[in-house]
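The values are calculated or read from the model by the stated rules, or taken from the named source; none is laboratory data. Note that the coordinates shown come from a computational prediction; the quantities given were computed from them, not determined experimentally. Neighbour counts are summed over all protein chains in view; Cβ atoms, including those assigned to glycine, are modelled from backbone coordinates with ideal geometry. For the accessible areas, the whole protein counts, side chains as well, though only heavy atoms, and no ligand, DNA or RNA atoms are used. Shrake-Rupley method; radii C 1.70, N 1.55, O 1.52, S 1.80 Å.
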Amino acid sequence: MRKLALVVALCAALPLVGLPLAAQEKPQDPQPKPAGPPVLEKPGMAAPDPKMEKPAKPAPLKAANPESGKTVEEIIARVNNEIITLTEYQKARETAQEDAKAECQGRCTPEQLQTDIADRQKNTLRELIDQSLLVQRGKDMGISVKAEVIKQLDQIRTQNNLDSIDALEKAVTAQGANWEDFQNNIENHLLTQRVISSEVGSHITVPDEEIAKYYEAHKAEYIRPEQVALREIEVSTQGKKPEELPDLKKKAETALKRVQDGEDFGEIAKRLSDGSTKSQGGFLGVYKRGELSKELEDVVFKMKRNDLTEVMETKQGYLVLQVLEHYDEGEQPLSKVKNDIMDKLYGARMEPAMREYLKTLREQSYVIIKPGYQDIAGGSSSEIQEVSATPEVTKQKKNRKKFLLFGKRSGAPSAT
């Protein structure tokens with residue numbers, strides 16, 4: 001269950017939406033990139049309507065009675081009528097440390113690792129606030145991602161060879177995670193993706209003329225050895241009985257036939273592959289000669305872009321490969337690196353646009369931070385009363401008016 005453990009860790013504190021953004025939805029026919037965490041959709045930039053009515057400062061939350069037996073959570077920030085607790089903050093800092101260690105493993109010195117951890121943790125509160133603002137904005141826009149949450153839960157279930165959602169819930173709780181929080185974190189992550197896509201990324205364009213100009217100025221960057229970018233569909237035979245093999249081979253042949261008939265390879269990989277790459281649509285990576293087994297190299301380096309292998313039998317199972325791109329040795333033509341350049345130029349525009357959008361959300365919201373906690377994006381500091389998660393507070397959150405996201409400016413005088 002190692003894979004599920006990683007998924008649980010991811011969903012316990014999904015990537016906070018801050019800057020820089022790790023990735024965006026790729027433009028059409030993207031260049032392949034190494035397999036990694038699911039990427040953000042391509043976002044874009046419509047600021048909230050400034051004419052919307054601004055509500056008065058939210059009524060203060062009342063401190064819980066210590067004698068009531070309720071658990072008291074320390075509140076360290078408040079974003080409109082939503083709160084960020086010390087527990088959430090500490091969990092996010094732990095996740096930042098774990099992420100830094102995972103990414104730095106074998107590639108940096110202990111000093112570099114500590115610097116990376118410090119940088120990530122410095123941004124923790126800002127990113128929690130940003131995520132809260134984006135989730136609230138998504139709810140105010142009436143966005144629903146319930147169907148996508150169900151689909152993602154089912155993908156996690158199939159990736160971990162579990163036979164039902166109930167079995168997934170048991171596996172999640174067995175590893176110390178709360179099932180409701182697990183689902184909510186997935187929902188919030190998907191919601192922020194949709195908001196970013198609609199409000200920021202859809203307004204960013206990269207003209208073909210600019211791509212061509214960049215290519216002409218950076219041709220030296222696109223001199224490569226011969227390489228192939230590969231995707232896979234793997235039907236595992238590990239631990240299977242001999243009598244099960246014909247059905248497993250049939251499954252691989254069915255997957256191949258569906259791709260040959262016009263279905264998207266990446267979608268079929270997500271649904272039918274047993275490999276660890278399935279969540280990335282089967283993307284394996286980009287390989288030079290000598291980096292694959294001789295048997296595979298002799299096959300794939302003769303293939304052209306989008307060519308498919310037949311079903312191949314390996315020690316792990318039945319394998320279907322697709323050549324996503326075949327790069328000839330030498331200077332690559334613009335047609336083969338266009339999407340790579342587009343991603344680069346798009347990312348350069350995305351960072352400032354995203355930060356400006358979040359700045360606008362903050363200015364139109366009520367953000368208050370407890371003294372002693374750092375928010376490098378700014379925000380007022382004042383004492384915040386502690387509160388337990390009582391039914392009264394829960395009801396108050398549910399009754400939040402749609403326009404509450406656009407509260408008074410942070411740091412402005414209190415409404416009378």
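Structure summary
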quantity	calculated
Considering residues of the stretch 159-172 that are of a type in the set (S, T, N, Q) and assigned to a loop (DSSP other than H, G, I, E, B) only, the residue most open to solvent (accessible area, probe 1.4 Å)	161
So residue 354, is it in a helix (DSSP H, G or I) and either among the hydrophobic types (A, V, I, L, M, F, W, C) or in contact with a helix residue (DSSP H, G or I) (Cβ under 8 Å, 6 or more places away or on another chain) (or both)	yes
Qualifying position, being touching a Lys or Arg at 6+ places or on another chain (Cβ under 9 Å) and of a type in the set (S, T, N, Q), among 314, 277	277
Verdict on residue 341 being modelled with pLDDT of 90 or more and either open to solvent by 20 Å² or more (accessible area, probe 1.4 Å) or out of contact with any Phe, Trp or Tyr (no Cβ under 6 Å at 6 or more places or on another chain) (or both)	no
Output for the stretch 234-251, where each listed residue is β-branched (Val, Ile, Thr) and either out of contact with any Asp or Glu (no Cβ under 9 Å at 6 or more places or on another chain) or over 20 Å from residue 271 (Cα atoms) (or both)	none
Which numbered condition residue 126 fails, given (1) part of a helix (DSSP H, G or I); (2) more than 20 Å from the chain's Cα centre (by Cα)	(2)
Residue that is farther than 30 Å from residue 341 by Cβ and either surrounded by 17 or more Cβ atoms within 10 Å (Cβ to Cβ) or in contact with a strand residue (DSSP E or B) (Cβ under 8 Å, 6 or more places away or on another chain) (or both), where the choices are 200, 135	135
Candidate set: the stretch 345-362, residues that are open to solvent by 70 Å² or more (accessible area, probe 1.4 Å) and in contact (Cβ under 8 Å) with a residue 40 or more places away in the chain; chosen: the one nearest to residue 217 (Cα to Cα)	349
Residues (of a type outside the set (A, V, I, L, M, F, W, C) and in contact with a strand residue (DSSP E or B) (Cβ under 9 Å, 6 or more places away or on another chain)) located in the stretch 224-242	224, 225, 226, 227, 231, 232, 234, 236, 237, 238, 240
Conditions (1) under 16 Å from the mean Cα position of the chain (by Cα); (2) open to solvent by 40 Å² or more (accessible area, probe 1.4 Å); number of the one not met by residue 156	(2)
Sole exception among (1) part of a loop (DSSP other than H, G, I, E, B); (2) at pLDDT 90 or above; (3) over 30 Å from residue 84 (Cα atoms) for residue 321, by number	(1)
Every residue from the stretch 97-132 that is among the hydrophobic types (A, V, I, L, M, F, W, C) and loosely packed, with under 12 Cβ neighbours inside 10 Å	102
Residue list for the stretch 173-197, filter: free of Cβ contacts under 8 Å to residues at least 12 places away in the same chain and either buried (at least 21 other Cβ atoms within 10 Å of the Cβ) or in a helix (DSSP H, G or I) (or both)	173, 174, 179, 180, 184
Of all residues making up the stretch 142-158, the number that are assigned to a loop (DSSP other than H, G, I, E, B) and touching a residue at least 12 places away in the same chain (Cβ under 8 Å)	2
